[in-house]
1. Can you list which of the GluC sites (Glu not before Pro) found in the range A:252-329 are DSSP loop residues with at most 15 other C-beta atoms within 10 Å?
2. Averaged per residue, what accessible area in Å² does the range A:431-554 show with a 1.4 Å probe, protein chains only?
3. Whole Å is fine, so just give me how far the alpha carbon centre of the range A:386-464 lies from that of the range A:145-212.
4. So, counting K/R as plus one and D/E as minus one, what does the shell of residues with Cβ under 12 Å around A:GLN477 add up to?
5. May I ask you to list the trypsin sites (Lys or Arg not before Pro) in the range A:1-35 that are in a DSSP loop and have at most 14 other Cβ atoms within 10 Å of their Cβ?
6. Only Cα pairs under 8 Å and at least 6 apart count here; give the relative contact order of chain A as a rounded whole percent.
7. Would you work out if the range A:298-409 is rounded, prolate or oblate? Take a ≥ b ≥ c from the square roots of the eigenvalues of the alpha-carbon gyration tensor; rounded if a/c is under 1.5, else prolate when a/b is larger than b/c, oblate otherwise.
8. Express in nm, to one decimal, how much length is gained between A:ALA38 and A:ASP287 on full extension, taking 0.36 nm for each residue of separation and deducting their alpha carbon distance.
Amino acid sequence: MVKQRVKEMLLAAARAAWEAGELASCNFPEANIEEPRAGAHGDLATNFAMAGASAQKMPPRQIAQAIVGHLADPEGLIEKTEIAGPGFINFFIRPSAWLPVLSEIHEKEGSFGSADLGQGCRVQVEFVSANPTGPLHIGHGRGAVVGDTIASLLSFCGYRVDREYYINDAGNQIHTLGKSVFLRCREIDGRSIEFPEEAYQGEYIYEIAKSAISQKGQQLLDTDEEEAVKICAGLAADEILASIKNDLENLGVLFDNWYSEQQLYDTGRVNRTLAFLEKQGLVYENDGAKWFAASKLGDEKDRVVVRKNGQTTYFASDIAYHLEKYERGYEQIIDVWGADHHGYVPRLSAALKALGKREEQFRVILTQLVNLLRKGRPVSMSTRAGRFVTLRDVTEEVGRDAARFIFLTRHHESPLDFDLEVAKARTNDNPVYYVQYVHARIASIWKKGAEEKGINTSSPGNLSLLCEAEEIGLLKQLARYPETVAVAAELMEPHRIAYYLMDLAALFHAYYNKHKVLTDDPELTKPRLYMVLAIQKVIGNGLNLLGVSAPEIM
RNA sequence: GCGCCCGUAGCUCAGCCGGAUAGAGCGCCGGACUUCGAAUCCGUAGGCCGCAGGUUCGAAUCCUGCCGGGCGCGCCA
């Protein structure tokens with residue numbers, strides 16, 4: 001592409017200048033080519049001369065002069081160059097030099113923009129992993145969409161990615177869940193109960209209790225309490241998990257694997273992992289509990305792995321779980337957590353370090369909280385009373401596309417205001433429809449062009465007729481897509497794709513309002529249709545990465 | 001108290017692995033449908049980039065300290 005070619009030309013020119021004795025050193029800096037904000041500074045610019053000043057022991061402008069003097073441009077991409085400011089080299093690109101991006105898009109279709117960054121590296125993205133003790137809320141939705149989209153991005157960029165959900169089906173909370181259900185069963189049966197504060201208060205507990213009674217019958221209430229609670233816990237977790245799965249499917253989130261915490265105990269992995277750490281001298285006893293020496297590996301303090309009462313902690317099984325991920329062959333693991341768990345990061349990192357994993361093999365993405373609003377006002381959520389708007393409610397009200405897109409319109413570490421009314425609005429307030437509208441509009445143009453003008457893609461026509469300023473702007477934006485994807489994948493920042501699409505959509509809508517695609521002149525109409533169809537493909541490609549549909553009609 | 005995140009236009013936010021004159025949407029005001037989909041577009045106004053230092057040829061961007069907001073700091077998960 002143009003940017004890459006200019007970069008190559010720049011480096012070649014620097015080398016040529018050095019060979020000609022005009023530069024003192026061949027120790028060149030990284031060639032950083034960017035697009036200046038101001039159009040007066042050209043289409044592309046580089047700080048190459050400034051960055052190399054110290055190595056060359058020459059003033060930047062003089063270096064720039066030497067490089068420009070040796071610039072070879074066989075394809076004639078560059079119209080002119082300028083040396084500006086403290087030593088920028090500004091490149092003015094011949095407008096038609098941007099045209100080849102169109103044929104590239106038409107050839108590559110859905111794979112346009114992908115790059116083999118991962119080279120087959122196996123990555124696991126673990127996300128949501130909410131305890132199966134209640135319905136998902138909107139915060140889980142954000143984590144789900146961010147995790148899912150990061151996985152898509154990585155997969156698009158050459159990583160072999162699996163999506164995994166970790167089920168916390170062992171430990172206290174499940175026991176509490178079972179007890180909550182059991183107590184409700186008794187209540188339904190007409191017995192008087194004391195419902196403890198720490199039990200799950202929600203309405204859904206009654207539903208599960210009813211279903212437990214109908215499945216297990218009256219005898220459930222007469223069995224030994226411990227046994228009954230266990231049965232209730234199992235039933236409840238299964239039922240809740242099924243509904244979580246369903247909610248996630250409605251959001252377009254599908255997992256490759258659902259991994260049970262209990263399984264780690266059943267296979268003895270937790271004990272084995274602890275024994276290993278103990279052998280390394282990183283687990284010691286104090287106050288009747290066993291501690292992992294996390295403070296030796298970057299955490300603030302040591303952490304308990306086995307409680308005084310002999311039970312292991314959640315942390316213990318989590319270490320075992322993460323170790324097992326690597327044993328399954330993942331070279332890199334990514335966890336998506338709510339930001340309220342950020343304090344947990346150092347201790348898990350410490351544990352993985354103790355297990356011999358490199359820092360870059362483990363990455364935690366934290367998603368900030370979501371404020372649910374309606375018409376600008378907070379929607380009251382009372383978890384205690386068990387009254388809250390669930391993720392399912394939100395998805396049903398605003399639809400999958402809007403929900404997903406809105407979750408991706410913020411950096412994941414920024415808090416997000418999610419306004420239900422805005423999410424439903426079919427206006428510029430709501431960027432989903434703005435972007436999708438481009439896709440639908442182009443479908444409509446295309447249909448009309450084929451029907452009335454009999455024009456199809458196989459005839460791009462004379463592309464040099466694409467010379468309006470808005471057309472060049474669109475070509476440049478299309479050319480930015482691969483880099484946008486690569487950066488989004490590298491930084492694991494899917495919101496960059498959303499912003500890219502909004503920018504592309506804005507350029508298209510402006511163009512559409514100013515120029516006709518279907519003109520009376522077939523020779524002009526052909527290249528315009530060809531370009532517009534390329535735009536549609538890139539919009540579809542990007543929306544697909546985000547898990548949002550690209551409708552032909554809306 | 002310690003740690004993490006956030007602080008950019010009236011509001012909601014991009015930009016932050018250093019670049020030149022800081023952007024978008026909404027809102028306000030004023031315009032554009034007998035012509036490819038008005039779920040659209042065009043125009044005006046709006047800024048000590050929280051504050052103060054530091055590094056640099058150059059800082060919204062990096063470093064330090066403060067201020068304000070959120071979240072964490074369990075032998076819970």
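The values are calculated or read from the model by the stated rules, or taken from the named source; none is laboratory data. Since the structure is predicted, the reported quantities are computational estimates derived from the model, not experimental observations. For neighbour counting, all protein chains shown are included, and Cβ atoms are generated from backbone atoms with ideal geometry for every residue, glycine included. SASA here: full protein model, heavy atoms, side chains in, ligands and nucleic acids out. Shrake-Rupley method; radii C 1.70, N 1.55, O 1.52, S 1.80 Å.
1. Numbers: sites: A:GLU261, A:GLU278, A:GLU285, A:GLU300, A:GLU324, A:GLU327; in loops: A:GLU300.
Taking the range A:252-329 and a limit of 15 other Cβ atoms within 10 Å, the loop GluC sites (Glu not before Pro) found are A:GLU300.
2. On the way: 5040 Å² over 124 residues.
I get 41 Å² per residue for the range A:431-554.
3. The distance from the Cα centre of the range A:386-464 to that of the range A:145-212 comes to 32 Å.
4. Local net charge: -3.
5. On the way: sites: A:LYS3, A:ARG5, A:LYS7, A:ARG15; in loops: none.
Filter output for the range A:1-35: empty list.
6. On the way: 886 pairs, mean separation 83.9, N = 554.
It comes to 15 percent, rounded to a whole number.
7. Working: a/c = 2.65, a/b = 1.77, b/c = 1.49.
Because a/c hits 1.5 or more and a/b exceeds b/c, the range A:298-409 counts as prolate.
8. Working: separation 249, 0.36 × 249 = 89.64 nm, distance 6.58 nm.
Net length gain for the segment: 83.1 nm.
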